[in-house]
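The values are calculated or read from the model by the stated rules, or taken from the named source; none is laboratory data. Remember, predicted model here, so these are calculated numbers, not experimental data. Here Cβ is always computed from backbone atoms with ideal geometry, including for glycine, and neighbour counts include all displayed protein chains.
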Amino acid sequence: MNVRQRRLNSDFQALIELSRDNPLIDFDILSNNKDRYVVIYRCRGLHWLPGRPRPSVANLHRMEIYLHLDYPRLPPQLQWLTDIFHPNILPPSMNGGVCIGKWTPAESLDRLVVRLGEMVQYKNYNTKDPMNLQAAAWAEENSSSLPVDNRPLTNHSNPLDIGIGAQ
């Protein structure tokens, strides 16, 4: 088994443990190669419904992760699949792009999945270099109401140091 396959197997096992330990995170594997997943978050986040004056709570979020051949040297390819209102995540109608900020090859896939879930919850966001300017302005104006969900996404006792802080 080569280094890449060992890493993919390790990431897969860690995702199994993460979803087993936390009912707020689940995943579907889309490839026998263990290189493509859909991650499902059952936590509170925000989306903006047409005709509404402000964002609304959304309790189900889905994103696709592709672990390309340059992973983990380069970050995985991410695409958001459900509507979301967040400074660093675009909804599918705007290409579903995700800005994860700092990436290192040492970051495991399960830690990245938790980090992205904490972004959904508005525990972590960056308004200084946003992808969605409207969401960044909203987050700055409503920072006292954030996060929108305080439930933990991991059983680790130490908080994650992810390089993106609430701004």
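Summary of computed values
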| item | result |
| --- | --- |
| Some residue of the stretch 55-64 being within 11 Å of the chain's Cα centre (by Cα) and among the basic types (K, R) | yes |
| Hits in the stretch 130-144 (condition: surrounded by 12 or more Cβ atoms within 10 Å (Cβ to Cβ), over 17 Å from the mean Cα position of the chain (by Cα) and over 13 Å from H47 (Cα atoms)) | A137, E140, N142, S143 |
| Those residues of the stretch 28-65 which are closer than 19 Å to Q5 by Cα and not β-branched (V, I, T), in sequence order | D28, L30, S31, N32, N33, K34, D35, R36, Y37 |
| The stretch 1-29 residues that are closer than 14 Å to Y71 by Cβ and touching a residue at least 40 places away in the same chain (Cβ under 8 Å), paired with ones that are part of a helix (DSSP H, G or I) and not charged (D, E, K, R) (beta carbon under 6 Å, 6 or more apart) | D11/L109 |
| Residue selected from the stretch 5-47 under the condition surrounded by fewer than 16 Cβ atoms within 10 Å (Cβ to Cβ) and basic (K, R), by the criterion nearest to R111 (Cα to Cα) | R20 |
| Meets criteria (of a type outside the set (D, E, K, R), crowded, with 20+ Cβ neighbours inside 10 Å and more than 14 Å from the chain's Cα centre (by Cα)) for A106 | no |
| Residue match in the stretch 115-135 (condition: free of Cβ contacts under 8 Å to residues at least 60 places away in the same chain and within 17 Å of E17 (Cα to Cα)) | yes |
| Number of positions in the stretch 145-167 that are within 16 Å of P87 (Cα to Cα), surrounded by fewer than 16 Cβ atoms within 10 Å (Cβ to Cβ) and at pLDDT below 95 | 4 |
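Yes/no matrix, rows are residues, columns are (1) aromatic (F, W, Y); (2) closer than 21 Å to S31 by Cβ; (3) surrounded by 15 or more Cβ atoms within 10 Å (Cβ to Cβ); (4) in contact with a Gly (Cβ under 7 Å, 6 or more places away or on another chain):
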position	(1), (2), (3), (4)
L69	no, yes, no, no
I84	no, no, yes, yes
P87	no, no, yes, no
K102	no, no, no, yes
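Results for (1) hydrophobic (A, V, I, L, M, F, W, C); (2) touching a strand residue (DSSP E or B) at 6+ places or on another chain (Cβ under 9 Å), shown as yes or no for each residue.
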| site | (1), (2) |
| --- | --- |
| L15 | yes, yes |
| R20 | no, no |
| N32 | no, no |
| R36 | no, yes |
| I40 | yes, yes |
| R52 | no, no |
| L67 | yes, yes |
| L74 | yes, no |
